[in-house]
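Asks: Can you keep this structure in mind? I'll have questions shortly.
Just so you know, all these numbers are worked out from the coordinates, no wet-lab data involved. Values in this document were obtained by computation on a predicted structure and should not be read as measured data. Don't worry about glycine lacking a Cβ; one is built from the backbone with ideal geometry, like all the others, and counts go over all protein chains shown.
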Amino acid sequence: MAKSDLRGASADAMAALSDELSGASASDAAQLGEDLFAVATLLRAEPGLRRVATDSSMDAAAKSGLLRQLLDGKIGAPALDLVASASEKRWTRTRDLADALEELAVVSLVNSAGDDAEQLSNELFAVGQLINEQHDLRTALSDPARSGSDKGQLLRDLLGGKTLPATQRLAEQALTGSHRSVTVAIEEYQKIAAAAHNQRVAEVHVAQELSDDEVGRLEAALSNQYGRTVHLNVVIDPSIIGGMRVEIGDDVIDGTVSGRLADARRKLAG
């Protein structure tokens, strides 16, 4: 669901909507995010409405007018204007409109964190790691027999008062099923949060905790290499024995002892 998944007309539409979103008031950011999440959910649940909203053969003003009439009083004016504008644009696939609105909602929640955006990114990573590491929690959050409200309450009980409000809200949004799993959704949200502040996210696997100096040097080196600030997610994995493995986007830098041993075994076998 990332911007990179949008192609052609959808990518152009997303770029234009992102510019429009940048003009939104910071004080309205949290509510704007909530409203955009609600509309994305509605479009996914109502295929007929989704088709109408993305029908390039239909008059743009007629589409935006229909959505304004349908949503007036149900969402705030900033969200209503953005959704109406979105309906007037061309979309490569009908599903792209809901995906774009969800991404814009995430950016709005990130903006609502203000100067705590870095903390938000760290907390999202920590929540994702917590769910990955706790089998019972991961099973409960993916259990189709549990209601969405029950799963949401489980997360609220777990995170209540321990994270930024935006972190908790995004963790709950990850339960809606718009991604393959809760942890995949949270990982994607963190990438969107980083991109919103012109950053990239690197996942670094090491055998033992890095010192602050080591983290700082690695961040500086990667930021210099990629031409923008790189945020590190450090994963402790004793199985790599030593060294480190860095994953950033599609790039993988494997300098682990386990990786070198595996490479040596492949060469011997060949």
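Asks: Report the dimensions of the range 1-65 along its three principal axes from the alpha-carbon atoms, largest first, rounded to Å.
Replies: Per principal axis, max minus min of the Cα coordinates gives 36, 25, 24 Å.
Asks: Once you have the alpha carbon radius of gyration of the range 133-270, what is it after dividing by 2.2 N^0.38 Å, with N set to its residue count? Show your work: numbers first, answer last.
Replies: Working: Rg = 18.2 Å, N = 138, 2.2 N^0.38 = 14.3 Å.
Taking N as the residue count of the range 133-270, the ratio is 1.27.
Asks: While we're looking at this one, here's another question. Quick check on the chain: of the DSSP beta bridges with both residues there, what percent are antiparallel, nearest 5%?
Replies: 50 percent
Asks: Now for a different question. Can you check what the net charge comes to around VAL246, using other residues whose Cβ is under 10 Å from the Cβ of VAL246 (Lys, Arg +1; Asp, Glu -1)?
Replies: -3
Asks: Would you mind checking the tilt of helix 95-112 against the longest principal axis of the Cα atoms of the chain, expressed as 0 to 90 degrees and rounded to 10?
Replies: The helix 95-112 is inclined about 70 degrees to the chain.
Asks: In degrees between 0 and 90, to the nearest 10, how far off the longest principal axis of the chain does helix 29-45 point, with axes built from Cα atoms?
Replies: The angle comes out at about 80 degrees.
Asks: How much net charge surrounds LEU80 when only other residues with a Cβ under 14 Å from its Cβ are counted (Lys, Arg +1; Asp, Glu -1)?
Replies: Neighbourhood net charge equals -4.
Asks: Which residues make up the longest stretch of the chain that has no trypsin sites (Lys or Arg not before Pro) in a DSSP loop with at most 16 other Cβ atoms within 10 Å?
Replies: 8-73
Asks: Here's another thing I want to ask about it. Quick check: the angle from helix 148-159's long axis to the longest principal axis of the chain, C-alpha only, nearest 10 degrees?
Replies: It is inclined by approximately 50 degrees.
Asks: Hey, could you grab the Kirkwood Rh for the chain? Inverse mean 1/r over distinct alpha carbon pairs, Å, one decimal.
Replies: Numbers: mean 1/r = 0.0493 Å⁻¹.
Taking the inverse mean of 1/r over all distinct Cα pairs, the chain comes out at 20.3 Å.
Asks: Once each part is reduced to its C-alpha centroid, what is the distance from the range 162-211 to the range 123-159 in angstrom?
Replies: 14 Å
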